[in-house]
Amino acid sequence: MPSFHMDNCTSDASLIKWTANEKILHQKITKAESVVFMQNIEIYSHRGASSSALENTWPAFHKACELGVGIELDVQITKDGVVLVFHDENLKRLSGRNLRIEEIDYEKIKDLRIGKRGRRKFSADRIPLAYEVFQWAKEKTIPLNIEIKESFDVHPDGPEILAAMLEGLGHVHLSSFNAGILKKMKELKPEIETALVIKRNIKLTILEKLTWVDGVHLHKRLYSENLLHRLKEMKKTVRIYGIVGSEKVLKQPSRHLSGIITDYPGKIKEKMRLPV
């Protein structure tokens, strides 16, 4: 993955479920080749370094920067068109307020404290503005995996607003569970990679029809050498998520694997023996 230095950081049948008669492809990879493959696998911190700090907050992003990994983050859009970095559609889990982001204006929530229950009263964390995070990541040359949430499917100008914010960014790709959102983003920004997030079995024949989808982000339980080989034949970039550090894939990853998305980026780098 593109390198950046820690001293740049501040403190701040055709299913994806294979039948018994399908052959599993066994690839013999030498130890030296395996090291090369692992060095080429990008590591993304899930919602920032969310095992070290509150998800999708500046402390989590700064920690990811210190670790020298990419950042996966989620974007939502308010009723008045302000793009925020936040995972849930509703603010209740992290703010205690039962509000849907797509139904409110930014002014109403800009000063909300966020945090885990029982701690948020004393929290200094606020919901970050996506534009500020994007520009910071650009300055630090940090790769971004921007997951687009469902509020963009509701806001009439959501995709256009996000597309304008992506102008001039470097190493970035877009992901979503919603193939329709990805299609719209591909029309607006054809040069940017799109990836469909998949956590359940899906027919590969369906995936083949999604010509605007450049890659897939697979939950780790769907991982198999056979599947990755099939996806590679379809010219899809493959990343896996849900990795915690104990998985066998970390010892000898597939040559078809491009990235890993994890809450534990430091541990994953250590397991893969990559420099921190």
For the chain, size of Cβ-based charge dipole, Lys and Arg +1, Asp and Glu -1, in debye: 1380
In Å², nearest 10: area of Tyr264 left accessible to a 1.4 Å probe: 80
Which of Asn145, Gly118, Ala130, positive extreme of dipole for region 90-161 (C-beta unit charges): Gly118
Simple spin-label estimate for Asn178 and Arg273 in nanometres, 7 Å along Cα-Cβ: 4.4
Helical contribution to [θ] at 222 nm, DSSP H n ≥ 4, -39,500 (n - 2.57), averaged over the chain, rounded to 500: -7500 deg cm²/dmol
Selected from Ala64, Ser51, Gln76, residue furthest toward positive end of dipole (region 49-116; charges at beta carbon): Ser51
Point-to-point label distance, Glu132-Ile198, nm (Cα→Cβ direction, 7 Å offset): 3.8
Surface per residue (accessible, 1.4 Å probe) for the chain, Å²: 50
Calculated on alpha-carbon atoms, Rg and Dmax of region 55-181 in Å: 14.2, 40
Heavy-atom accessible surface of the chain: percent carbon and sulfur, 1.4 Å: 50
Length gained when the stretch Glu208-Glu89 is fully extended (0.36 nm per residue, less Cα-Cα span): 39.9 nm
Taking N as its residue count, the alpha carbon Rg of the chain over 2.2 N^0.38 Å: 1.02
Within region 229-270: Cβ-based charge dipole about Cα centre, in debye rounded to nearest 20 (Lys, Arg +1; Asp, Glu -1): 240
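The values are calculated or read from the model by the stated rules, or taken from the named source; none is laboratory data. Bear in mind that the values here come from a model prediction, so they are computed numbers and not experimental data. Don't worry about glycine lacking a Cβ; one is built from the backbone with ideal geometry, like all the others, and counts go over all protein chains shown. Accessible surface areas use protein heavy atoms only, side chains included; no ligands, DNA or RNA. Shrake-Rupley method; radii C 1.70, N 1.55, O 1.52, S 1.80 Å.
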